[in-house]
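Below: one structure, written as structure tokens.
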Amino acid sequence: MAQTLFQKVWDLHAVRTLPNGQTQLYVGLHLVHEVTSPQAFDELRTRGWTVRAPERTFATVDHIVPTARQARPFLDLMAESMTSSLERNCRDHGIPLFDLPSGLQGIVHVIGPELGLTQPGMTICCGDSHTSTHGAFGALAFGIGTSQVRDVLASQCLAVMPPKVRRIDVRGTLGPGVYAKDVILTIIGRLGVKAGSGYAYEYAGDAIERMSMDERMTICNMSIEGGARVGYVNPDDTTFAYLENRRFAPAGDAFTRARDWWRSLASDPDATWDDVVTLDAASIGPTVTWGINPGQSVTVDGRLPAPGDVAPADRDGVAEALEFMGFAAGQPMAGTKIDVAFIGSCTNARLSDLREAAKVVAGHHVAPHVRALVVPGSQTVAKAAEHEGLDEIFRQAGFDWRGAGCSMCLAMNPDRLEGREVCASSSNRNFKGRQGSPTGRTLLMSPAMVAAAAIAGEVTDVRQVPVPEAVA
Ligand code: SF4
């Protein structure tokens, strides 16, 4: 019978159906970081349990780790304590840890794929909502909470209710200056932030198929912002080329065998989806959020809505967002003054993101009133970017070049907004307080658009920033 990738991978990992209707799923890969794991390990210790599959468990430090001064002990006692706990827990349970001295440290959703740990057909868990990123490889990847981190450590299984599957077909060609970030912001803007609740999203169509793995990761990363806990892309030659020769990917004949199996996992053409949505890629423009959830966005040349412009159920949300942001209905998005520019996070801090942003900033300088920083997604990304001289381009333009980490995505470290600052951010959440200040304001956009805003000092259309011929 024709099946979706979701059904195939789900069935392969289903241990049994629980009395409450949830499925007990075996977990192929558990990624752990310093912030959601200490309590889970403590509970294991208290109950005298061990880690069920340390060979399927990998750890890194990313959420609270400082990105400016990274010498130990960290000045932030909480960061030092959480990092030390993770080190001890990994030692005690035989879990590989990609820490700062490893040279392979980075945001958990950047290093998993980078190391070849993330592979098609896997079930993957991590104590972070944006674990859906790994779905870019044709895996089913679930963000979990601390108590589930404990459960997965102890049993290597996760209890989860089977969702429906919505296929989102993006067809046609993206225009210049339009990136994967614009595509996913548009999907969330059009379908809404709750539409994915109870669904897994399958991203398909020729516009998705043409995307690189970095771009597919950006798309899948933000599935949760549209309400879908899981998002995936069917594996294809782009996926296999990315994985070949990665450290933990199968090698030689094993890779050939794995590739044939991975290919067979893609959704069958005559499979049935619970819902299908189609988007025209050409209709998508550079997109910016203006509100307090990722669905409140307009194209850069658009104007902010009034509560009366939206469906009755959304009116209060629009009014609340306009008030919090201090914006007026009808005001143009372009020209909104910014104070901070942040290029980073597991959504958009991979090498291709930094390359695109560097093209925009080359030959320009950050506006005098803007504080700008680039936080590479991993030490591997940082090294590759430095090898290409991207760090110098950013530094010369007035950006701060940092060590790898989550940084201002969630501001658990000193990288944070102050007061009412407005931040052009390549991250994934614009909730109140997300970037460290309870009154701080976040505008989500692509890294190239962040770069353009940093230079202009205000939201600006990246397509209008002159690119010197040498870097075009
Ligand atoms: S960058 Fe943000 S979303 Fe991504 S793992 Fe870190 S905190 Fe989570």
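The values are calculated or read from the model by the stated rules, or taken from the named source; none is laboratory data. Since this is a predicted model, take the numbers as computed values, not measurements. Every residue, glycine as well, gets a Cβ built from its backbone with ideal geometry; the counts of neighbours run over all protein chains shown. The accessibility values were calculated without ligands, DNA or RNA, using every heavy atom of the protein model including side chains. Shrake-Rupley method; radii C 1.70, N 1.55, O 1.52, S 1.80 Å.
Descriptive notes on the structure:
- Criterion violated by residue 184 - all others in (1) assigned to a helix (DSSP H, G or I); (2) closer than 28 Å to residue 305 by Cα; (3) touching a Phe, Trp or Tyr at 6+ places or on another chain (Cβ under 6 Å) satisfied: (3)
- Test: residue in segment 90-97 that is β-branched (Val, Ile, Thr) and within 30 Å of residue 344 (Cα to Cα): yes
- Taking segment 22-66 and the strands (runs of 3 or more DSSP E) fully enclosed by it, the elements with 2 or more residues that are in the same structural domain as residue 86 (by TED's automatic domain parsing), in contact (Cβ under 8 Å) with a residue 60 or more places away in the chain and more than 16 Å from the ligand (Cβ to nearest atom) are at 23-26.
Each row is one residue, and each column tells you yes or no for (1) within 30 Å of residue 163 (Cα to Cα); (2) exposed (fewer than 13 other Cβ atoms within 10 Å of the Cβ).
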{"residue": "252", "(1), (2)": "no, yes"}
{"residue": "276", "(1), (2)": "yes, no"}
{"residue": "287", "(1), (2)": "yes, no"}
{"residue": "309", "(1), (2)": "no, no"}
{"residue": "316", "(1), (2)": "yes, yes"}
{"residue": "332", "(1), (2)": "no, no"}
{"residue": "336", "(1), (2)": "no, no"}
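- When residue 347 is tested against the conditions (1) within 23 Å of residue 440 (Cβ to Cβ); (2) more than 16 Å from the ligand (Cβ to nearest atom); (3) not in a helix (DSSP H, G or I), the lone failure is (2).
Let's see how each residue does on (1) in contact with a Phe, Trp or Tyr (Cβ under 6 Å, 6 or more places away or on another chain); (2) free of Cβ contacts under 8 Å to residues at least 40 places away in the same chain; (3) in the same structural domain as residue 291 (by TED's automatic domain parsing); (4) within 21 Å of residue 218 (Cα to Cα):
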position: 387; (1), (2), (3), (4): no, yes, yes, no
position: 392; (1), (2), (3), (4): no, yes, yes, no
position: 395; (1), (2), (3), (4): yes, yes, yes, no
position: 401; (1), (2), (3), (4): yes, yes, yes, no
position: 405; (1), (2), (3), (4): no, no, yes, yes
position: 409; (1), (2), (3), (4): no, no, yes, yes
position: 419; (1), (2), (3), (4): no, yes, yes, no
position: 431; (1), (2), (3), (4): no, no, yes, yes
position: 455; (1), (2), (3), (4): no, no, yes, no
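- Answer from 420, 434, 441, 402 - the residue that is of a type outside the set (Phe, Trp, Tyr) and within 10 Å of the ligand (Cβ to nearest atom): 434
- Residues located in segment 251-263, provided they are more than 24 Å from the chain's Cα centre (by Cα) and touching a residue at least 24 places away in the same chain (Cβ under 8 Å): 258, 261, 263
- Check on residue 144, under 25 Å from residue 17 (Cβ atoms) and either hydrophobic (A, V, I, L, M, F, W, C) or at pLDDT 95 or above (or both): yes
- Scanning segment 70-95 for residues that are in contact (Cβ under 8 Å) with a residue 60 or more places away in the chain, open to solvent by less than 40 Å² (accessible area, probe 1.4 Å) and outside any helix (DSSP H, G or I) returns a single hit, 95.
- The set of residues from segment 351-409 being within 25 Å of residue 461 (Cβ to Cβ) and of a type in the set (Ser, Thr, Tyr) comprises just one member, 352.
- Condition broken by residue 345, with the remaining ones in (1) open to solvent by less than 50 Å² (accessible area, probe 1.4 Å); (2) at negative phi satisfied: (2)
- Across segment 159-192, the qualifying residues are those that are of a type in the set (Ser, Thr, Tyr) and under 16 Å from the mean Cα position of the chain (by Cα), and the one among them that is most open to solvent (accessible area, probe 1.4 Å) is 179.
- When 448, 411, 452 are checked against the criterion of being among the small types (Gly, Ala, Ser) and either within 12 Å of the ligand (Cβ to nearest atom) or modelled with pLDDT under 95 (or both), 411 stands alone in meeting it.
- Filtered residues of segment 313-335 (kept if over 25 Å from the mean Cα position of the chain (by Cα), of a type outside the set (A, V, I, L, M, F, W, C) and outside any loop (DSSP other than H, G, I, E, B)): 314, 315, 316, 320, 323, 332
- The criterion of at least 1 residues that are away from the ligand (no atom under 14 Å from the Cβ) and of a type in the set (Lys, Arg) is met, among strands (runs of 3 or more DSSP E) falling completely within segment 96-171, by 164-171.
- Unique residue being in contact with a Cys (Cβ under 9 Å, 6 or more places away or on another chain) and not aliphatic (A, V, I, L, M) when the list is 377, 403, 389, 326: 377
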